[in-house]
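Contents: one structure, followed by commentary.
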């Protein structure tokens, strides 16, 4: 094998294809250097110039590694690993000196493809993977076929890939799954976006700029009305003047629901967010995966959710929540930092004296928000040290975290135990897939107050200012010129339908391909009729499936090895003979085509012309050395047209 | 040491008789093992699988399985690249010691599949690569050095392929009953001995050399002194002077009349003379120690009667030349 120019171009294409999807998250200078190196390599090949000296490459490599270390402040971790891999592969391209180097580059390309799946495993990514694989295979085949042109090489690569697809499917379904991780992960191993464990002004409105999916929900039975769809996430107790934090619960007691009715069953497919919270409707009663119920009704997974997770849960929509809240907890629900927001405290104290009950106090506060020209806005003005005072008395523009935060502050100042709850609210129904999608822009914050006879009661101050937010989503609640994610805007019915179709497809892909884990595998195979699934059984089934398919491939592949076209001529002739045999004129074993034709012509003079023509064609194709494709096709047509 | 053992093991494990006629490569003749690149790729796949499990990458599983099954199927493709090929050995031209013997093999691909990058090599690393399109035949030459006179066996040859991905090495052994006759290496040019007369038929002296009778085209092996340099200078091409004195006369190339220079050197000298005499179109005979043949006049077919072993009647022509060289090649080797 020689290191010819087409081979080098193929390798350049491989490296380009596998690193292109990384361009989005590589440091800009790495992308620039890699593109420059690839272009330089292509230029050298095109010009036939020699490769750069080894010392120069060493210097460049060393400088690049140093620069990466400076950019990332480390040389360990996933991001750095991927960056190094891509850079080194590109540099390797500049020092191909032997067949070995080509092999190494091919293997590296395959490996770099897999690193892209850390960032995306969507359907387009999968399709792009297939295209990349095809190019890699075509280049790989190049090493063993010498001067073969690109097209036949692509054909060989295509055949290899097409044969691999059904085999891989069998293995994918039956390969025994092990739930990872097998070893400790670097900190940056998982992507994370979503609700965090604290809330400051601006944190939720930032989230609402993203249309990434948070989770999808299927209800078993009727879905509750949208103003009941509060998906409970982190509960925030501790306020330090600017931000709300979860803090530590002062009790370990399980919370208790009394007089709980209206159960709802549903299944959630939660995207990875690298935090332990699982989202459930207010208030949760049962969940299908191992999880803990915190004293504030927060459902926490035992490990961070770093892979797409499915769980079924039951919630009760009407309840009295934890009537027996311990005093230490109630104390926490009243705590405020000293010295902040004096005006708000004064307002709260005034309300307290005016109201004869806790509920009246709450109503007064909501009325206040409703009447005093408060606006719901994604871009609220900045707030000073006394953020609640600034918001209530000066700016009067805010997003849900402003309303929830100030409401709880006011309630605490008025002596009513209360806390902030964050989560998601509402959701969009996909009627094709029959499920609700909750996106990051559905993130929401509300409040809970503790009433002696009713326990924790949900109060959503945002509903007092912008009821449309709760009824029909973010888009309805905001003025038209607000910058919203594209998907949050209502669109033409056609676009909406297309979008729902795509999301339904994505959901299927997520459920069946990406979410295919041990439980899914078990459920799927049980549905197919497999019983007592064990590793051994899976392996045996997998191997026999693969063996069967390989057997079929072998038969097809080896069929063409010794097939002579003459046999095709004879097959057509025998077809004609069978037609005549059915008509009672069988060919004697010793009879040649011409003799047979003569006998037929004598017995059935009306067939004379046809049969003589067929026999003549047969003889010329079989013995005349004129076995062309056209002749064969014409002979076939003549036999088909031959009627008795 | 290790290489020797490996060779011994291979000879034992894959012992097979010498083939005659046409050989068809079937599954019993084709062996397949993973190549070192194949083992390397298996390592890469295991790494990928560990990554998939650790990071729960479903698409990674798919990629890993795609690559693994492609690699697995490439074994079948490697087999198919060689299966059902028909091979037979071709005629091998005799060569002189020190040259390369060109063993010729005819490969026929009866099927409708193109075969790619088939390698043919012997145990000493002489190597040739060829492609074989569908329904074609090709003639493959393998040049093997012939250091010594006598019969040269091609030895057991290996036909292998790494198609399509280089992950598997599929091979078969080919050992045909073809051998190449290697003539002694002609010595440096020496003047021919005087034509001699036997049994009193005619008397010729060396003076006959002077009778220039004409020019003919140069042929390989012609003696340097007989080249017509003047003709060359006149740009008439490389020509050789012919002398009438030799025409119709018999020249005996006699082992026993040679000075004592060792048997191999004698054979080399006799080879040179056979070539020269043949180039000059002389009637020449060869006399080796094993016996003597009565002299016959050129032009008659060798009757064989009365021919003692080791002696060839003075004749000329390609067949005669070949026979003389054959005797010289096999002299003292106990073979015919």
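The values are calculated or read from the model by the stated rules, or taken from the named source; none is laboratory data. Here the structure is a predicted model, which is why all the values come from computation and not from measurement. Ideal geometry is used to build each Cβ from the backbone, glycine not excepted, and the neighbour counts take in all protein chains shown.
Please state which one of A:86, A:106, A:113 is over 23 Å from residue A:40 (Cβ atoms) and either facing chain B (nearest Cβ under 10 Å) or crowded, with 22+ Cβ neighbours inside 10 Å (or both).
So the residue among A:86, A:106, A:113 that is over 23 Å from residue A:40 (Cβ atoms) and either facing chain B (nearest Cβ under 10 Å) or crowded, with 22+ Cβ neighbours inside 10 Å (or both) is A:113.
All told, residue B:177 meets the bar of being closer than 24 Å to residue B:101 by Cα, away from chain A (no Cβ under 14 Å) and at pLDDT 75 or above. Do we have residue A:339 as away from chain B (no Cβ under 14 Å), over 24 Å from residue A:237 (Cβ atoms) and out of contact with any helix residue (DSSP H, G or I) (no Cβ under 9 Å at 6 or more places or on another chain) here? Answer is no for this residue.
So that you can scan it fast, the table gives a plain yes or no per residue for (1) touching a residue at least 60 places away in the same chain (Cβ under 8 Å); (2) part of a helix (DSSP H, G or I); (3) more than 14 Å from every other protein chain (Cβ to nearest Cβ); (4) more than 60 Å from the chain's Cα centre (by Cα):
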position	(1), (2), (3), (4)
A:554	no, yes, no, no
A:574	no, yes, yes, no
A:581	no, yes, yes, yes
A:620	no, yes, yes, yes
A:637	no, yes, yes, no
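Out of curiosity, is residue A:125 facing another protein chain (nearest Cβ under 9 Å), under 14 Å from the mean Cα position of the chain (by Cα) and either at pLDDT 90 or above or part of a helix (DSSP H, G or I) (or both)? Against the criterion (facing another protein chain (nearest Cβ under 9 Å), under 14 Å from the mean Cα position of the chain (by Cα) and either at pLDDT 90 or above or part of a helix (DSSP H, G or I) (or both)), residue A:125 qualifies.
Against the condition over 27 Å from residue A:408 (Cβ atoms), in contact with a strand residue (DSSP E or B) (Cβ under 9 Å, 6 or more places away or on another chain) and either more than 14 Å from chain B (Cβ to nearest Cβ) or modelled with pLDDT of 90 or more (or both), how does residue A:233 come out, does it pass? No: the conditions fail for residue A:233. Within the stretch B:110-141, the set of residues being surrounded by fewer than 14 Cβ atoms within 10 Å (Cβ to Cβ), assigned to a loop (DSSP other than H, G, I, E, B) and at pLDDT 85 or above comprises B:133 only. Kindly provide the set of residues from the stretch A:500-513 that are surrounded by fewer than 16 Cβ atoms within 10 Å (Cβ to Cβ) and over 19 Å from residue A:527 (Cα atoms), ordered by number. Once the filter is applied, which keeps residues that are surrounded by fewer than 16 Cβ atoms within 10 Å (Cβ to Cβ) and over 19 Å from residue A:527 (Cα atoms), the stretch A:500-513 yields A:501, A:502, A:505.
So which residues in the stretch A:337-358 are touching a strand residue (DSSP E or B) at 6+ places or on another chain (Cβ under 7 Å) and either modelled with pLDDT of 90 or more or in a helix (DSSP H, G or I) (or both)? Within the stretch A:337-358, A:358 is the sole residue that qualifies. Starting from residues that are without any contact (Cβ under 8 Å) to a residue 24 or more places away in the chain and more than 10 Å from chain A (Cβ to nearest Cβ), keep the ones in the stretch B:23-41 and report whichever is farthest from residue A:129 (Cα to Cα). Residue satisfying both the conditions and the ranking: B:28. Counting only residues that are closer than 29 Å to residue A:118 by Cα and in a helix (DSSP H, G or I), the stretch A:45-94 holds 30 of them. Determine whether residue B:75 is more than 7 Å from chain A (Cβ to nearest Cβ) and not in a strand (DSSP E or B). Yes, satisfied.
Of everything in the stretch B:78-108 that is more than 7 Å from chain A (Cβ to nearest Cβ) and in a helix (DSSP H, G or I), the residue that is farthest from residue A:513 (Cα to Cα) is B:82. In the stretch A:138-165, of all residues being more than 7 Å from chain B (Cβ to nearest Cβ) and surrounded by 15 or more Cβ atoms within 10 Å (Cβ to Cβ), the one that is nearest to residue A:535 (Cα to Cα) corresponds to A:159.
Against the list (1) in contact with a strand residue (DSSP E or B) (Cβ under 6 Å, 6 or more places away or on another chain); (2) over 28 Å from residue A:517 (Cα atoms); (3) touching a residue at least 60 places away in the same chain (Cβ under 8 Å), the condition residue A:298 fails is (2).
Taking the criterion of being more than 18 Å from residue B:133 (Cβ to Cβ) and without any contact (Cβ under 8 Å) to a residue 12 or more places away in the chain, the residues of the stretch A:133-167 that qualify are A:162, A:164, A:165. For the residues A:93, A:130, the requirement of being within 10 Å of chain B (Cβ to nearest Cβ) and either over 16 Å from residue A:27 (Cα atoms) or free of Cβ contacts under 8 Å to residues at least 12 places away in the same chain (or both) singles out A:130.
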